[in-house]
Each structure stands twice: as C-alpha cells, then as structure tokens.
Amino acid sequence: MKRVMVRYKVKPDQAARNEELVRAVYAELHDREPSGIRYATFKLDDGLTFVHLAETDVDPAPLTGLQEFKEFLEGIADRCDDAPVATELHEVGSFHLFTE
C-alpha cells in the first residue's frame, strides 16, 4: 500500500479552473469506480493551496489511467505559483481516515 500527499499553490486567477479540473477527476472516479484507490482533495484557507491525499493498493495507481486526470495534469505548471510536491506518507497512526 502506498500513501502520497501532493501539495501546490495555484495562481489567484487559476483557483476556480483548478477546482473545476479536480471536480472532473472525481466525476470520472465516481463513474468508473476503480478499485485499489482512496483519494481526497482539500483546498486550504487561502483558497489557493490544494492538498491531495491518495492511498493505492495497486500499481500503477488508477488515477494515471483516467482521462480527466490527464487533463488535470496538462498545464499544471502554468496554473501554479508553487509547483506540486509529492511526498510519500508513512503512517504512524490514524483513526478511520483511510477506511471506507
């Protein structure tokens, strides 16, 4: 099992567009219902910083095969003030965070 956090900050004029692209990824996830992934996206109080948490049981991660995720990745560098940074997470403890 792999857990990853991705954090980035978008340009002020790109926040709505980024959120739209993220919602499209979730729409496709709900349509396809791929197994082996748990995924959440959060927007921080500044309205510009996004944090994605993903837990996958399969390789490659199901996100990589989604058309909407590919569209989300296109132009990400142009949307961001702070580029995405991916960090693998190693659980110390949790309480119902990654359960269905």
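The values are calculated or read from the model by the stated rules, or taken from the named source; none is laboratory data. Just so it is clear, the model here is predicted, and its values are computed rather than measured. Here the Cβ is made from the backbone with ideal geometry for all residues, glycine too, and neighbour counts use every protein chain on show. With ligands, DNA and RNA removed, areas are computed over all heavy atoms of the protein, side chains included. Shrake-Rupley method; radii C 1.70, N 1.55, O 1.52, S 1.80 Å.
Scan the stretch 68-85 residue by residue and report those that are surrounded by 12 or more Cβ atoms within 10 Å (Cβ to Cβ) and in a strand (DSSP E or B). Outline the logic, then answer.
Of all residues in the stretch 68-85, those surrounded by 12 or more Cβ atoms within 10 Å (Cβ to Cβ) come to 68-73, 75-76, 79-82, 84.
CYS80, ASP81, ASP82, PRO84 - these are the residues of the stretch 68-85 that are surrounded by 12 or more Cβ atoms within 10 Å (Cβ to Cβ) and in a strand (DSSP E or B).
Considering only residues of the stretch 58-67 that are open to solvent by less than 70 Å² (accessible area, probe 1.4 Å) and not in a loop (DSSP other than H, G, I, E, B), which is nearest to ALA24 (Cα to Cα)? Let's see the steps before the verdict.
Of the residues in the stretch 58-67, the ones open to solvent by less than 70 Å² (accessible area, probe 1.4 Å) are 58, 61-63, 65-66.
Next cut, not in a loop (DSSP other than H, G, I, E, B) only: 62-63, 65.
Details: PRO62: 15, LEU63: 12, GLY65: 14 Å.
Per the stated criteria, the residue is LEU63.
In the stretch 47-57, the residue that is surrounded by the fewest Cβ atoms within 10 Å (Cβ to Cβ) out of those that are of a type in the set (A, V, I, L, M) and within 13 Å of ALA86 (Cβ to Cβ) is VAL51. Applying a threshold of 7 Å to beta carbon distances and a minimum spacing of six or more residues, or different chains, the list of pairs starting in the stretch 7-31 at a residue that is touching a residue at least 60 places away in the same chain (Cβ under 8 Å) and ending at one that is buried (at least 16 other Cβ atoms within 10 Å of the Cβ) and part of a helix (DSSP H, G or I) reads VAL10/ASN18; VAL10/ARG79; LYS11/ARG79; GLN14/ARG79; ARG17/ARG79; ASN18/ARG79. The residue that is least open to solvent (accessible area, probe 1.4 Å), among those in the stretch 26-37 that are in a helix (DSSP H, G or I) and farther than 24 Å from ASP78 by Cα, is LEU29.
Of all residues being touching a residue at least 40 places away in the same chain (Cβ under 8 Å) and not β-branched (Val, Ile, Thr) in the stretch 86-100, which is most open to solvent (accessible area, probe 1.4 Å)? Just the residue, please.
Restricting to residues being touching a residue at least 40 places away in the same chain (Cβ under 8 Å) and not β-branched (Val, Ile, Thr), the top hit is GLU100.
For the stretch 1-25, filtering for residues that are loosely packed, with under 15 Cβ neighbours inside 10 Å and either in contact with a Pro (Cβ under 7 Å, 6 or more places away or on another chain) or part of a helix (DSSP H, G or I) (or both) leaves 7.
State whether one or more residues within the stretch 38-46 are in contact with a His (Cβ under 9 Å, 6 or more places away or on another chain), in a strand (DSSP E or B), open to solvent by 40 Å² or more (accessible area, probe 1.4 Å) and not aromatic (Phe, Trp, Tyr). Even if it seems obvious, please write down each step before you answer.
Residues of the stretch 38-46 that are in contact with a His (Cβ under 9 Å, 6 or more places away or on another chain), as a first pass: 39-42.
Subsequent filtering for residues that are in a strand (DSSP E or B) retains 39-42.
Then keep just the ones that are open to solvent by 40 Å² or more (accessible area, probe 1.4 Å); that gives 39, 42.
Filter again for not aromatic (Phe, Trp, Tyr), leaving none.
No, because not a single residue in the stretch 38-46 is in contact with a His (Cβ under 9 Å, 6 or more places away or on another chain), in a strand (DSSP E or B), open to solvent by 40 Å² or more (accessible area, probe 1.4 Å) and not aromatic (Phe, Trp, Tyr).
Kindly indicate whether PHE50 is in a strand (DSSP E or B) and free of Cβ contacts under 8 Å to residues at least 12 places away in the same chain. Spell out how you get there, then give the answer.
Working: in a strand (DSSP E or B): yes; free of Cβ contacts under 8 Å to residues at least 12 places away in the same chain: no.
Taking the combined requirement at face value, the residue does not satisfy it.
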